[in-house]
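The values are calculated or read from the model by the stated rules, or taken from the named source; none is laboratory data. Here the structure is a predicted model, which means the values were calculated and not measured. Positions of Cβ are backbone-derived with ideal geometry, glycine not excepted, and every protein chain shown enters the neighbour counts. What goes into the accessible areas is simple: the full protein's heavy atoms, side chains included, and nothing from ligands, DNA or RNA. Shrake-Rupley method; radii C 1.70, N 1.55, O 1.52, S 1.80 Å.
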Amino acid sequence: MSDAVAPVRQFIVAGNWKMHGSRDMIGSYCETLRAGWSQAIGTTPPPSVLLFPSYCHLERLRAGLGELPVEVGAQSVHAEVAGAFTGETAAAMIRDLGVGWTLVGHSERRTLYGETDAVVAGKLRAALAAELKPVLCVGETLDQRRSGAAEARVEQQLATAIAAVDAGLVARLVVAYEPVWAIGTGETATPEIAQAMHECIRRVLADRLGPAGAGCPVLYGGSVTEQNAAALFAQPDIDGGLVGGAALEAPRFLQIIAAAAKRGSKP
Ligand code: PEP
């Protein structure tokens, strides 16, 4: 672990539903979570659990979750406060729903919708200003990894985004390392590869943001499953997971939550 004096870091399991889900699916998903929750959580302290459905399902999912300690978040946010941006959603609108979280800079937003590092930084700034807790996604492509540029690329993404973060708001920041080559491909980073990058990310956070930065949770994302979650969560600098495909099925997501619950908090 890179910073022995960092505060205890929150351990988080987050599910990104991408453009999946329906009102019916939400009903049965929440029932399954409710039925398996106590058995999955079991220990103290439990991990924080988050779900990121599409905007149109945020309220429905929150209502369906009811008393379950699962928070919901948006999958993206616009950098501007308001204006002529058809199809977009402002951070304050998400906050207005009582929703506390948003993803920022997911690789699908970067590659499919042209979100540059500067755009992502603007979104991060807007999310924090609206009192949302952002999960900032960073990660290299396969070409960048093969050419030995993985750490440099991730450091660059982090540096641009972090420059937009007011020092007083760092405590709300969560980072997710999601190598692009591992997202939705079934090819997970080995625990060793993931740990090495997480250590690098923690060093950058500590260097640029001080002890508060070193205390930011850093999640791993990229083909996390109920089979590989425990080995990933056992790594000292991995503070949970951002899960795509496996989070769409409640029984699988419960098993991943259970793996996190067994791991607990890290000093
Ligand atoms: C993701 O969408 O953030 C993700 C990590 O997807 P998957 O788990 O399916 O690779």
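If I filter the range 20-27 for residues that are open to solvent by 60 Å² or more (accessible area, probe 1.4 Å) and either part of a loop (DSSP other than H, G, I, E, B) or modelled with pLDDT under 95 (or both), do I get at least one hit? Taking every residue of the range 20-27 in turn, at least one turns out to be open to solvent by 60 Å² or more (accessible area, probe 1.4 Å) and either part of a loop (DSSP other than H, G, I, E, B) or modelled with pLDDT under 95 (or both).
Taking the condition of being near the ligand (Cβ under 8 Å from one of its atoms) and β-branched (Val, Ile, Thr), how many residues in the range 213-224 meet it?
Going through the range 213-224, the residues near the ligand (Cβ under 8 Å from one of its atoms) turn out to be 221-224.
Now drop any that are not β-branched (Val, Ile, Thr), which leaves 224.
Here the count works out to 1.
If you go through the range 61-105 and keep only what is open to solvent by 40 Å² or more (accessible area, probe 1.4 Å) and within 10 Å of Leu51 (Cα to Cα), you end up with Arg62, Glu71, Gln75. Ser2 satisfies every condition listed in (1) surrounded by fewer than 18 Cβ atoms within 10 Å (Cβ to Cβ); (2) at pLDDT below 95; (3) part of a helix (DSSP H, G or I) except (3). Within the range 141-162, is even one residue within 16 Å of the ligand (Cβ to nearest atom) and surrounded by fewer than 14 Cβ atoms within 10 Å (Cβ to Cβ)? No, that holds for no residue. Please go through the range 114-124 and pick out each residue that is open to solvent by 20 Å² or more (accessible area, probe 1.4 Å) and touching a helix residue (DSSP H, G or I) at 6+ places or on another chain (Cβ under 9 Å). Passing the criteria: Thr116, Asp117, Ala118, Val119.
For the range 8-18, does any single residue satisfy the condition of being open to solvent by 40 Å² or more (accessible area, probe 1.4 Å) and over 19 Å from the mean Cα position of the chain (by Cα)?
Here is the first cut: in the range 8-18, the residues open to solvent by 40 Å² or more (accessible area, probe 1.4 Å) are 8, 10, 18.
Keeping just the survivors that are over 19 Å from the mean Cα position of the chain (by Cα) gives none.
Checking the range 8-18: not a single residue is open to solvent by 40 Å² or more (accessible area, probe 1.4 Å) and over 19 Å from the mean Cα position of the chain (by Cα).
In the range 233-244, the condition of being part of a helix (DSSP H, G or I) and more than 11 Å from the ligand (Cβ to nearest atom) is met by at least one residue. The conditions of being within 23 Å of Met19 (Cα to Cα), at pLDDT 95 or above and not in a loop (DSSP other than H, G, I, E, B) are not met by Ala230. Could you tell me which residue of the range 174-193 is nearest to the chain's Cα centre (by Cα), considering only residues that are assigned to a helix (DSSP H, G or I) and farther than 15 Å from Gln144 by Cα? So the residue we want is Pro191. Taking the conditions exactly as written (open to solvent by less than 10 Å² (accessible area, probe 1.4 Å), in contact with a helix residue (DSSP H, G or I) (Cβ under 8 Å, 6 or more places away or on another chain) and within 16 Å of the ligand (Cβ to nearest atom)), does Val170 satisfy them or not? So Val170 fails the test.
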